[in-house]
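The values are calculated or read from the model by the stated rules, or taken from the named source; none is laboratory data. Since this is a predicted model, take the numbers as computed values, not measurements. Methodologically, a virtual Cβ is constructed for each residue, glycine included, from the backbone with ideal geometry; neighbour enumeration extends over all protein chains shown.
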2 protein chains.
Amino acid sequence: MKLYDEKMPAPNPRRVRIFMAEKGIAIPLERVALASGEHKSERFLKRNPLGQIPVLELDDGTYLSETISICRYLEALHPRPPLFGSTPKEIGVIDMWIRRVELQIGAPLSQVWINTHPYTERYCAMMGIARYPDFGEDNRKRLMDRLAWLDGEIAGRDFIAGDAFTMADIAALTIVDFAAFMTIPLPEDCARLKAWRERVSARPSASA
Amino acid sequence: MKLYDEKMPAPNPRRVRIFMAEKGIAIPLERVALASGEHKSERFLKRNPLGQIPVLELDDGTYLSETISICRYLEALHPRPPLFGSTPKEIGVIDMWIRRVELQIGAPLSQVWINTHPYTERYCAMMGIARYPDFGEDNRKRLMDRLAWLDGEIAGRDFIAGDAFTMADIAALTIVDFAAFMTIPLPEDCARLKAWRERVSARPSASA
C-alpha cells in the first residue's frame, strides 16, 4: 500500500493522517508536489482523474480516492478501535454526523474559501474559475449559523456523534481548524464547540 | 421502526425507497406533508433539526436522517444483497463512487435547481434565500462536463462502481432522473450513461 499525500492544512489530507494515528497504522507515503501542480499531471490523473489528494494505492494496484472512503477501507482492514461504529445504530448515527458536518459546516466553508479568500483569487483566475463574492459572503453567514446549531446539538456529550471519539470528530476538527487558518474563529458564544475543540486537539493524533 | 417520507421525485426520498425494494424490506411509512410545510414544524424538527426527509425512527426512539446513513443502517441489519460492498476493497470503492456521484454530479445539479429553476424561485423568495443565477449557470456547465467525465469512467462495466448494482447506482439514478424532471437530459453523446440508465431503470426497484 502507498499513500499519495502532502502535509498541508487542508482538511482532507489531515483527516487521513489523524485517522491513521488513531488506529496506529503506518503507510508508506509519496509526497505530491501541489505547488508545482503535480496533482494535475497526466501521471497523477491516472491515480485520481479528479486531481485531488489523498489517494491510496492498494497492493493490487487499485487507486482509492475520497478521504472518507480511504478511511472506511482502512477501518474494514483494522476494525479496532472502531471510528465508524460497530453496531447498526452506531454505524448509522456516526455516518449521519459525518454527513451533517460535511454538508452543513464543510460545504459553506469551502464556498467562503473559493469565492472570497485572497489565497484562492490567483488560483481561480489561472484556472478560469469564476468567483461569486456575494455568494461566498452568504455562505459565511450560513457557516456561522450552522456552527451555532452544532454547538446546541452536542449539548450533554463529549464528542460530535455521542460519547466516543469517531470519524465525525476528525471531519469536524479538520474543518474548524481550517476555518481558523482562514481567520474564521468559532463564534464567541459557542462554548460547547470550543470545549470540544480543546478536547479533541489534546489527543496525540491531532498533531498528525 | 417507522419511516417519515413523502412520495416525490426528489433524489433523497426515492433513494431509500429503491434501496428497500432491492433488499425486500418493508417499513411502516408516515407521510410528511411537504406542501403544507410540515417538515419545518416544531414537531418534525424534533425528528430532524435540519427539516429534511426522509427520517427513520428506530425502535428505541432514535431518529436517523441523511439518506445514505439510513441505507447504511439498513444494510447493517440486512446485509444481503450487499449494496455497500462486502470486502474492504469493495467497501472503499463503492463509497468512493457514492461520493463522486454526489459531489461531482449531485452538488452542481442542486445549485442549478436552487439558483435557476422556476420551481424554486417562489420558495427562495419566501424563505429569504438569495439566488445567484450566474453561479447556477456555471454549475449547469460543470454538471454537463462531469456527466461526460462519468460516461468515460464507466467504460467497460455495467454499473457505476463495477460489475454489480450498488448504492452508487441508486445515488446516480435518482440524480439523473431528477435532472430529467428539471428538463436537463443526459448529454447527447453519453452513450454509456444512457445504456446504464436503461439498465438500472429496468429493475423493478426503479419504480419504487
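Assess whether residue B:125 counts as being more than 8 Å from chain A (Cβ to nearest Cβ) and closer than 30 Å to residue A:58 by Cα. In short, no. Taking segment A:166-180 as the range and being under 18 Å from residue A:17 (Cα atoms) and either in contact with a Pro (Cβ under 6 Å, 6 or more places away or on another chain) or surrounded by fewer than 23 Cβ atoms within 10 Å (Cβ to Cβ) (or both) as the test, the residues that pass are A:174, A:175, A:177, A:178. Could you give every pair whose Cβ atoms fall below 9 Å, whose first residue belongs to segment A:181-208 and is closer than 24 Å to residue A:117 by Cβ, and whose second residue is in a loop (DSSP other than H, G, I, E, B) and modelled with pLDDT of 95 or more, counting only separations of at least 6 or pairs across chains? If the second residue must be in a loop (DSSP other than H, G, I, E, B) and modelled with pLDDT of 95 or more, the pairs left are A:193/A:154; A:193/A:186; A:193/A:187; A:194/A:186; A:197/A:186.
Looking at A:134, A:151, which one is surrounded by fewer than 16 Cβ atoms within 10 Å (Cβ to Cβ), of a type outside the set (A, V, I, L, M, F, W, C) and within 13 Å of another protein chain (Cβ to nearest Cβ)?
Just one listed residue meets the conditions, A:134.
Restricting the search to helices (runs of 4 or more DSSP H) fully inside segment B:117-208 and requiring at least 1 residues that are assigned by TED's automatic domain parsing to the domain that holds residue B:101 and modelled with pLDDT of 95 or more gives B:133-153, B:167-181, B:191-201.
Yes/no matrix, rows are residues, columns are (1) without any contact (Cβ under 8 Å) to a residue 40 or more places away in the chain; (2) over 30 Å from residue A:73 (Cβ atoms):
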residue	(1), (2)
B:84	no, no
B:87	yes, no
B:91	yes, no
B:115	yes, yes
B:128	yes, yes
B:138	yes, yes
B:141	yes, yes
B:161	no, no
B:171	no, no
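The residues in segment A:54-70 that are within 13 Å of residue A:18 (Cβ to Cβ) and in contact with a Leu (Cβ under 7 Å, 6 or more places away or on another chain) can be counted, and the count is 2.
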